[in-house]
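Visitor: Please read through the structure below; I'll follow up with questions.
What follows is calculated from the coordinates using simple rules that are stated; it is not laboratory data. Computed from a predicted structure; not experimentally measured. Cβ sites come from the backbone with ideal geometry, for glycine too, and all protein chains shown count toward neighbours.
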Amino acid sequence: MKKLLFLALIATAMTACKQDNKAQDAALEQQRDSLNQIIAQKDNEINDVIGMLNDIDEGFRQITEAQGRVAVAQTGEGTSPETRIRENMQFIQSTMQQNRELINKLRKQLRESTINGDQLKRTIDNLTAELEDKDQQLRALRAELEAKEIHIAELDETIAGLSEDVSALKSENTAKAETIQTQDKQLHTAWFVFGTKKELKEQNILKDGKVLQQNFNKDYFTKIDIRVDKEIKLYSRDAEMLTAHPTDSYTLQRDANKQYVLRITNPNRFWSTSKYLVILVK
């Protein structure tokens, strides 16, 4: 009887192990599927971006060739130079339009892409620089044609459209730079105050033995850049930290006049707990 009971227990344990193994296998299979989907999505994004970059590069190459044909036509080689100039200018216009559309599509895709942002920003910067360079070349070409009294309406439209695109790209990059600068400044901004118990109470900074409760006077604080301001003179021989900051991120030392000076040795760690610093002095 005992032997049968023992065998039954072994069989039950083996069944439970098999069920656990199946559950683990199913979970691993689901993780592999998810990872494969993520990899496939990123591969598709990269392939799309590379394809558009190749198309844009080919467009600029063809435009450069067309500019060369216009230069040859101006020398009078062959027949009907004005006709050939007009045809090449039309080609330049249509190719420029295609490049503009591809660049706009690329810019939109880059904003929504999961590909590394720094690489995409450099791509936009390079395309902007190439557009500006092409803009200058086409302006010089138009000046040459006008000097020879060859007026091409298509070229005027191309120049106008290109200038708008360059202006739009510059405005977008400027706006992004300003946003980044503002965010960076906010990220590295902190506020400090030191004062007597009476002064801190008057500004609601210290209330019922607690600091920074509701309705404290934020204008009473001094704003600093934590990357630059790492030393705060307290002008007092008695100082007590009222806000919590990691003790290994600062020192409180006396100067030659026996007055305390706060030296922040690890700014990122010091300000990680709070961007407000309150010190009680006497």
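Visitor: Filter the cross-link list 201/230; 134/185; 218/282; 230/258; 185/207 down to pairs whose alpha-carbon distance in this structure exceeds 24 Å.
Guide: In this structure, 201/230; 134/185; 185/207 exceed 24 Å between Cα atoms.
Visitor: Between residue 64 and residue 228, how many nm apart are label points set 7 Å from Cα along the C-beta direction?
Guide: A separation of 4.4 nm, rounded to one decimal place.
Visitor: Given H placed 1.01 Å from N in the peptide plane, which residues other than close sequence neighbours of residue 277 have an amide H under 5 Å from its amide H?
Guide: Residues meeting the criterion, in which the H sits 1.01 Å from N, are 191, 192, 193.
Visitor: Looking at the range 189-281 only, what percent of DSSP beta bridges run antiparallel? Nearest 5 please.
Guide: 75 percent
Visitor: How long is the gain from residue 196 to residue 137 if the chain were fully straight, where each residue apart is worth 0.36 nm and the alpha carbon distance is subtracted?
Guide: Separation in residues times 0.36 nm, less the Cα-Cα distance, equals 14.4 nm.
Visitor: Relative to the Cα centre, what is the charge dipole magnitude of the range 189-281, using +1 at the beta carbon of each Lys and Arg, -1 at the beta carbon of each Asp and Glu, and rounding to the nearest 20 debye?
Guide: 20 debye
Visitor: Quick check: convex hull of the Cα atoms in the range 189-281, volume per residue, rounded to a whole Å³?
Guide: Cα-based convex hull of the range 189-281, divided per residue, equals 93 Å³.
Visitor: Sticking with this one: Sorted from fewest to most neighbouring beta carbons within 10 Å, what does the list 271, 191 look like?
Guide: Lowest count first: 191, 271.
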